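Before any comments, here is the structure.
The values are calculated or read from the model by the stated rules, or taken from the named source; none is laboratory data. Here the structure is a predicted model, which means the values were calculated and not measured. When we count neighbours, we look across all protein chains shown, and the Cβ atoms used for this are built from the backbone with ideal geometry, even at glycine.
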């Protein structure tokens, strides 16, 4: 009879060393799994914290955006345009919210003053043609007090510039900057912008070049105007003004709205000029005709004297 001590290592029952090794291996596996579980719990908690922080940040941005009012538009453009009168002086008006409904200017119905309104884009060739053809005679009429002109700069061709420079938008923003800081020099700036109008397929004028024309027009303070031009302070307002003019209705006129197809839109006492943009005599005749039609009144009929 053999005892247990007589069994050889090759017997069917494992030795104590083998069982001990198996137990150690199982213990190591359990410890490794516990470490993985702890690590996964930490990662999950960390992810939840990050997500929570992100949600809080988004909510904070929404709250702050709702608390702060929208950026204001430029001063002296309450009608979405600049009204220029005698001596080429601009009518003053306070800055209003970018999305505020425009306030139309009162129309002079005395028959003594011609009311001219233009809607223009600084990259519109026909707008430039009209200004270069008629700018001098409009300047004389307005300066003398025989007419007023209300100019609305709009960025219809913002996406037409080469290299995505959005020249129309930048130019309209610059016009708003001049109107805000130096309104009495707006008329001169507007003329210079059209006298140096770039080709529609070009990248347009640089912000520095636009600023140089503001300075040449006599606008000041130039440090603030240049900063306004470069930072594109009134881009949002300009876009809102474009949207309002595109949807209409246009005040003091039977024309419903403005589009790229009817630029430049020129109104004289509410009537649209549809003649050639390069014919100064045609525009002069239209001014005379529009004024006569608008304010002509029939002669009073004599009243019969009762017989005594």
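Being touching a residue at least 12 places away in the same chain (Cβ under 8 Å) and closer than 18 Å to residue 82 by Cα is the requirement here; does residue 245 meet it?
Yes.
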(message) So residue 196 passes all but one of these: (1) farther than 20 Å from residue 214 by Cβ; (2) free of Cβ contacts under 8 Å to residues at least 24 places away in the same chain. Which condition number does it fail?
(response) (1)
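Could you pull out every one of the helices (runs of 4 or more DSSP H) wholly within segment 202-308 that has 1 or more residues that are modelled with pLDDT under 95 and surrounded by 17 or more Cβ atoms within 10 Å (Cβ to Cβ)?
Values: elements: 207-216, 222-231, 235-247, 280-295.
Helices (runs of 4 or more DSSP H) meeting the threshold: 280-295.
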(request) Just name the residue that is nearest to the chain's Cα centre (by Cα) out of those in segment 85-100 that are surrounded by 13 or more Cβ atoms within 10 Å (Cβ to Cβ) and not in a loop (DSSP other than H, G, I, E, B). (result) 97
(message) With over 21 Å from residue 275 (Cα atoms), within 26 Å of the chain's Cα centre (by Cα) and either touching a residue at least 60 places away in the same chain (Cβ under 8 Å) or not assigned by TED's automatic domain parsing to the domain that holds residue 173 (or both) as the only criterion, which of 107, 120, 82, 103 stands out?
(response) 82
(message) Would you confirm whether or not segment 137-145 contains a residue that is over 22 Å from residue 242 (Cα atoms) and not in a helix (DSSP H, G or I)?
(response) yes
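Can you pull out every residue in segment 146-156 that is assigned to a loop (DSSP other than H, G, I, E, B) and surrounded by 16 or more Cβ atoms within 10 Å (Cβ to Cβ)? Step through it out loud before you land on a result.
Initially, segment 146-156 is screened for residues assigned to a loop (DSSP other than H, G, I, E, B), giving 146, 154-156.
Answer for segment 146-156, where residues must be assigned to a loop (DSSP other than H, G, I, E, B) and surrounded by 16 or more Cβ atoms within 10 Å (Cβ to Cβ): 154, 155, 156.
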